[in-house]
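Please read the structure below before turning to the comments.
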């Protein structure tokens with residue numbers, strides 16, 4: 001699938017012999033701006049901007065915004081436009097250590113080109129392209145920096161200006177538009193960074209091609225053997241982030257241009273070096289090492305520590321699931337981030353906390369108290385699930401998942417100030433929701449009826465195992481949080497938790513819901529009670545549930561289901577089975593040419609960050625033995641797969 005060097009210690013994803021008809025791009029991102037690679041030379045397929053959502057006729061709900069493609073380049077060589085049909089030796093390599101995508105190719109016997117793309121980690125709204133040329137014969141090149149608008153942006157304006165200062169010329173190619181509904185202003189701006197002294201830079205020509213596309217270009221003649229390089233910096237931002245998006249985009253671009261190429265690269269590399277102090281190293285299994293590092297790289301790329309934005313199932317790789325935020329964040333992606341980089345995990349919690357008022361309104365609308373978080377959340381935290389999907393009104397376990405994640409953060413960090421200001425206020429509201437949600441039908445059994453559980457193929461069911469298990473767990477966490485702060489908890493929280501049932505079959509196997517008959521399941525549900533909830537703790541019960549539900553886990557389900565089974569088998573000492581389930585959690589989901597993950601085996605919708613989070617939990621909590629407890633991060637005794645010589649988990653927890 002992917003032709004890769006075996007001397008890079010699992011740091012590179014390399015694509016050569018690319019099939020142009022079967023290509024799924026890899027994403028370069030900094031938690032704010034996602035750049036998806038293209039099969040076309042010097043192109044970026046999509047630019048995704050985090051934190052801004054609008055309705056553009058997809059499901060009648062808000063979508064994360066695909067914005068100006070402001071980093072594309074065109075290249076004419078001796079007057080002829082370069083395309084995928086006119087090049088050879090096309091190779092793309094993602095260096096995960098520096099979050100840099102490098103593409104190389106040749107044009108006939110005339111020119112060798114190196115094209116590098118970075119979404120600058122230290123500048124959230126700014127990215128950079130580096131271009132290097134080597135003349136294989138005497139040749140004239142005409143590179144162009146292009147800004148193009150996607151079809152859904154409205155009232156597009158293209159502008160070009162040139163600011164002359166005593167020691168520098170600042171060319172600015174800018175595009176401004178309104179979001180599809182007109183709710184936001186979106187702006188992108190870029191500029192060249194030339195290496196020639198001031199006054200000797202190439203002469204730029206601005207061209208308007210259409211209302212949605214304009215460019216700046218120059219020409220340069222190179223002698224055989226001569227090399228030439230320059231860079232382009234570009235910023236994109238919206239009025240969801242700042243009041244004046246147009247001016248701010250240009251200011252940020254001017255700042256990056258005058259920082260210069262070397263300073264930008266140095267800061268970017270420093271930021272990624274800091275992130276990679278938290279890493280997983282596997283000796284003896286390079287394919288798994290590379291897959292694990294790819295998963296870490298993508299999660300690091302999709303989130304920032306300084307903005308209260310969350311993670312969608314597809315991160316910043318495209319419009320999959322409309323860029324909405326689900327339980328995928330808290331149960332699947334968040335635990336790996338919490339173990340490796342708690343400061344990144346905290347941003348995901350901040351996203352939820354700052355949208356609690358919308359969750360309160362949602363609870364009131366459904367006749368409940370406290371907070372009821374939406375199944376699909378976007379900009380303001382209101383429900384964004386399309387009406388045809390019943391998950392919106394009925395997949396209530398997400399409110400428990402969010403409360404669970406908040407307590408886990410406290411267990412790892414022991415940050416009592418945070419617990420008082422954010423953790424407990426949210427847990428208190430979550431507990432109130434579950435106390436109002438249960439049906440007190442019998443003195444000793446409080447039912448949770450008419451829900452959709454983790455296994456979404458079973459709709460409108462009663463007493464779902466995962467929903468009930470999560471409700472019990474988070475009610476007890478609310479009690480613990482109160483005690484930690486010296487507050488007397490509401491007695492009803494523990495009273496209700498003790499009376500929520502976990503149903504079983506006559507032989508003691510946990511029953512997924514009151515009417516479950518043994519049909520295939522979409523994804524793990526019952527097994528989540530053993531990990532990560534620790535509701536089912538007896539080894540014989542865990543084994544019984546695994547024996548019953550593992551054969552019923554459909555191969556058509558999403559990637560994260562097998563990862564839970566991998567964790568449990570690893571903790572039970574069945575390392576061979578655990579390793580098989582680890583491979584099932586991602587290998588069949590890899591798509592060419594970079595091996596990025598689709599949601600399901602044979603799928604075509606990468607990048608599935610949820611699956612990455614599950615796979616990382618299989619390594620961290622399974623083979624790594626890590627467990628998040630009241631004592632903090634602790635390690636269980638586990639056995640490594642036969643082929644692994646060593647497993648090193650670096651930089652975990654709070655520094």
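Please go through the stretch 1-16 and give me each residue that is within 24 Å of the chain's Cα centre (by Cα), at pLDDT 70 or above and at negative phi, ordered by number.
Across the stretch 1-16, the qualifying residues are 11, 12, 13, 14, 15.
Helices (runs of 4 or more DSSP H) wholly in the stretch 317-377 with at least 2 residues that are in contact with a helix residue (DSSP H, G or I) (Cβ under 6 Å, 6 or more places away or on another chain) and surrounded by 24 or more Cβ atoms within 10 Å (Cβ to Cβ) - which ones?
Helices (runs of 4 or more DSSP H) meeting the threshold: 334-340, 342-353.
Among the residues of the stretch 213-253, write down those that are over 24 Å from residue 112 (Cβ atoms) and in a loop (DSSP other than H, G, I, E, B).
239, 240, 241, 242, 243, 244
What do you reckon, is residue 431 in contact with a strand residue (DSSP E or B) (Cβ under 9 Å, 6 or more places away or on another chain), farther than 26 Å from residue 314 by Cα and buried (at least 24 other Cβ atoms within 10 Å of the Cβ)?
Considered against the rule, which asks whether it is in contact with a strand residue (DSSP E or B) (Cβ under 9 Å, 6 or more places away or on another chain), farther than 26 Å from residue 314 by Cα and buried (at least 24 other Cβ atoms within 10 Å of the Cβ), residue 431 comes out as no.
Give the residue, chosen from 449, 468, 463, that is at pLDDT 95 or above, in a loop (DSSP other than H, G, I, E, B) and closer than 11 Å to residue 501 by Cα.
Matching residue, one of 449, 468, 463: 463.
Tell me whether the stretch 7-23 contains one or more residues that are closer than 25 Å to residue 264 by Cβ and buried (at least 24 other Cβ atoms within 10 Å of the Cβ).
yes
Report whether or not residue 262 is out of contact with any strand residue (DSSP E or B) (no Cβ under 9 Å at 6 or more places or on another chain), farther than 18 Å from residue 621 by Cα and assigned to a loop (DSSP other than H, G, I, E, B).
Against the criterion (out of contact with any strand residue (DSSP E or B) (no Cβ under 9 Å at 6 or more places or on another chain), farther than 18 Å from residue 621 by Cα and assigned to a loop (DSSP other than H, G, I, E, B)), residue 262 does not qualify.
What's the number of the condition residue 68 fails, among (1) closer than 21 Å to residue 606 by Cβ; (2) in contact (Cβ under 8 Å) with a residue 24 or more places away in the chain?
(1)
Consider residue 561 against the criteria (1) farther than 24 Å from residue 611 by Cβ; (2) in contact with a strand residue (DSSP E or B) (Cβ under 8 Å, 6 or more places away or on another chain); (3) in a helix (DSSP H, G or I): it satisfies all of them except one. Which criterion is unmet?
Unmet condition: (1).
Which ones in the stretch 289-309 are within 27 Å of residue 355 (Cβ to Cβ) and over 12 Å from the mean Cα position of the chain (by Cα)?
Once the filter is applied, which keeps residues that are within 27 Å of residue 355 (Cβ to Cβ) and over 12 Å from the mean Cα position of the chain (by Cα), the stretch 289-309 yields 305, 306, 307, 308.
Does residue 606 count as under 29 Å from residue 323 (Cβ atoms), touching a helix residue (DSSP H, G or I) at 6+ places or on another chain (Cβ under 9 Å) and touching a residue at least 60 places away in the same chain (Cβ under 8 Å)? Outline the logic, then answer.
Values: under 29 Å from residue 323 (Cβ atoms): yes; touching a helix residue (DSSP H, G or I) at 6+ places or on another chain (Cβ under 9 Å): yes; touching a residue at least 60 places away in the same chain (Cβ under 8 Å): yes.
Yes.
Kindly list the number of the only condition in (1) crowded, with 19+ Cβ neighbours inside 10 Å; (2) assigned to a helix (DSSP H, G or I); (3) not assigned by TED's automatic domain parsing to the domain that holds residue 80 that fails for residue 304.
(2)
The values are calculated or read from the model by the stated rules, or taken from the named source; none is laboratory data. Given the structure is predicted, the values throughout are model-derived calculations rather than measurements. Methodologically, a virtual Cβ is constructed for each residue, glycine included, from the backbone with ideal geometry; neighbour enumeration extends over all protein chains shown.
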